[in-house]
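A.B. asks: For reference, the structure I am asking about is given below.
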Amino acid sequence: MRVTGSFLAATAVTLKVGVVFWVLVAWQTPGGEPWDTPTFWTVVYPIALGIAAVLGACFPRKAWLWGLLLMALQVPVVAVMSGIGPLLLAGLVYALVLAIPAMAIAAGAGALRRSLQPQA
């Protein structure tokens, strides 16, 4: 895979947005683990899926990757906020499972963006 400037920019934006989002969520969560907040399924996860859609639309090339990266960033944020514990591997698996819908949504948003762009 050839790394281009736009790919690096998309990666940098996703990293920054993801870290800020998950730090804010962890900061508001007792224990610092985003998936333990009572509003995870009703507020946090839908917002994360919306962010994945926006990232996929803004960076339509390999858009699925931004959904994966966004959701996987929960794990290092939890490791920093709560410390590395025995369930960190389970948290990684959980984040990767949660990434599947985010990847699909980001890919769909990227495909929609590409289909709506005028052909040159």
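The values are calculated or read from the model by the stated rules, or taken from the named source; none is laboratory data. Because the structure is a prediction, the values reported are computed rather than measured. Glycine also receives a Cβ, built like all others from the backbone with ideal geometry; neighbour counts cover every protein chain displayed.
A.B. asks: Which residues, taken from region 58-84, are buried (at least 20 other Cβ atoms within 10 Å of the Cβ), of a type in the set (A, V, I, L, M, F, W, C) and more than 15 Å from L98 (Cβ to Cβ)?
C.D. replies: Residues satisfying the conditions are F59, A63, L65.
A.B. asks: OK, next. Report whether or not Y94 is within 14 Å of the chain's Cα centre (by Cα), at pLDDT below 95, of a type outside the set (D, E) and surrounded by fewer than 21 Cβ atoms within 10 Å (Cβ to Cβ).
C.D. replies: So Y94 passes the test.
A.B. asks: Can you give me the number of residues within region 53-100 that are on the phi > 0 side of the Ramachandran plot and in contact (Cβ under 8 Å) with a residue 40 or more places away in the chain?
C.D. replies: 1
A.B. asks: Has region 28-37 got any residue that is in a loop (DSSP other than H, G, I, E, B), at negative phi, in contact with a helix residue (DSSP H, G or I) (Cβ under 8 Å, 6 or more places away or on another chain) and in contact (Cβ under 8 Å) with a residue 40 or more places away in the chain?
C.D. replies: Yes: region 28-37 contains one or more residues that are in a loop (DSSP other than H, G, I, E, B), at negative phi, in contact with a helix residue (DSSP H, G or I) (Cβ under 8 Å, 6 or more places away or on another chain) and in contact (Cβ under 8 Å) with a residue 40 or more places away in the chain.
A.B. asks: Which one of these does K16 not meet: (1) under 16 Å from the mean Cα position of the chain (by Cα); (2) buried (at least 16 other Cβ atoms within 10 Å of the Cβ); (3) under 23 Å from I84 (Cα atoms)?
C.D. replies: (2)
A.B. asks: If I filter region 51-70 for residues that are touching a helix residue (DSSP H, G or I) at 6+ places or on another chain (Cβ under 7 Å), part of a helix (DSSP H, G or I) and under 14 Å from V25 (Cα atoms), do I get at least one hit?
C.D. replies: Yes; the residues of region 51-70 include at least one that is touching a helix residue (DSSP H, G or I) at 6+ places or on another chain (Cβ under 7 Å), part of a helix (DSSP H, G or I) and under 14 Å from V25 (Cα atoms).
A.B. asks: Here's a check for you: in region 19-48, which residue that is polar (S, T, N, Q) and over 17 Å from L98 (Cα atoms) is surrounded by the fewest Cβ atoms within 10 Å (Cβ to Cβ)?
C.D. replies: Q28
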